[in-house]
Amino acid sequence: MQPTILPALLMSAITAAVVLLILRGAGAALPRTGLPAEAQRGLRNRVFGVVAGWLLLVGGLGALGVFDVPGLPPRPMIAMVLGTAGVLFASFSAGGRALLRAVPLHALVYLQAFRIAVELVLWMGYQRGIIPEAMSFEGRNWDLLIGLAALPAGYLVQRGGTTARVAHVAFNVLGLVSLGNIAIVATQHMPGQVPSGTVSMAVVGTFPFVYLPAVLVLVALAGHLLSLRQLALARRSQALAAVEIQKERALA
């Protein structure tokens, strides 16, 4: 068996599972948005359409070798940044804000646990000689800890109380720091940045491994940023509600 076959199958399975989980969560949150039924259907169709289109676009370009080109900045990373920017832009639309408010605060924290599976596949890739050691948890990639921390952090956020906000912010900040570290390590090990004959990150420019930066890292990065934005929206809603209560008491 070729060394890439099993990691490729597992990477595809993780990508499919994460995408389906996100779509299912979005679908479950739609009734809580307060939007009219027709608006909910339209928002659902847009979300499903954009996700499907992105998967087909990235997968197709990866299969054609568009991302498998040496040089900086790495093309897979460009796709990740563009995708994340698109998600953040959409979150400021009326439908995006409504959907973000309807998703439980703990959901985006728990979601980050998928990184456990990703790190195990990266370690498998290292063992099979297709991923550099530095990109595994035996090297300089400690993202496995973030995936494991997602479970207790999500529980604390779900439980609420005085520790919920601290856990929420701390987890997302640490997760962003971890992703920054991974971006640096990955860039240092792209083709052309390592000596000839040394294992590089060339595999992430090929299908289906391109889904690692263009979907899974995108989900991790956007998930942290949206989680922090979600917290800000929740605090704003609480502040506005407190003002309304004070007005009602003043008029009573």
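The values are calculated or read from the model by the stated rules, or taken from the named source; none is laboratory data. Predicted model, so just to flag it, every value in this text is computed and none were measured. Note that we place each Cβ from the backbone using ideal geometry, even for glycine, and neighbour counts take in every protein chain shown. These area figures cover heavy atoms from the full protein model, side chains too; ligands, DNA and RNA do not enter into them. Shrake-Rupley method; radii C 1.70, N 1.55, O 1.52, S 1.80 Å.
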Only one of F114, F67 is crowded, with 19+ Cβ neighbours inside 10 Å, in contact with a Pro (Cβ under 7 Å, 6 or more places away or on another chain) and of a type in the set (F, W, Y), namely F67
Q) Do the conditions hold for F92, that is, is it free of Cβ contacts under 8 Å to residues at least 24 places away in the same chain and either more than 30 Å from V194 (Cβ to Cβ) or not basic (K, R) (or both)? A) yes
When segment 25-50 is checked residue by residue, the ones that are open to solvent by 30 Å² or more (accessible area, probe 1.4 Å) and closer than 17 Å to V87 by Cα are G25, R44, N45, R46, V47, F48, G49, V50
Expected single match for in a helix (DSSP H, G or I), out of contact with any Phe, Trp or Tyr (no Cβ under 9 Å at 6 or more places or on another chain), open to solvent by less than 20 Å² (accessible area, probe 1.4 Å) and more than 29 Å from A234 (Cβ to Cβ) among A164, A186 is A186
Out of all the residues in segment 72-83, is one or more in contact (Cβ under 8 Å) with a residue 12 or more places away in the chain, in a helix (DSSP H, G or I) and farther than 27 Å from S200 by Cβ? no
Taking segment 186-213 and keeping residues under 19 Å from the mean Cα position of the chain (by Cα), aliphatic (A, V, I, L, M) and modelled with pLDDT under 95 leaves A186, V204
Scanning segment 70-82 residue by residue, those surrounded by 12 or more Cβ atoms within 10 Å (Cβ to Cβ) and more than 15 Å from L212 (Cβ to Cβ) turn out to be P70, L82
Of the listed residues (P31, P36, P7), the one being under 26 Å from G129 (Cβ atoms) and of a type outside the set (S, T, N, Q) is P7
By residue number, the members of segment 99-111 that are open to solvent by less than 20 Å² (accessible area, probe 1.4 Å) and modelled with pLDDT under 95 are L100, A102
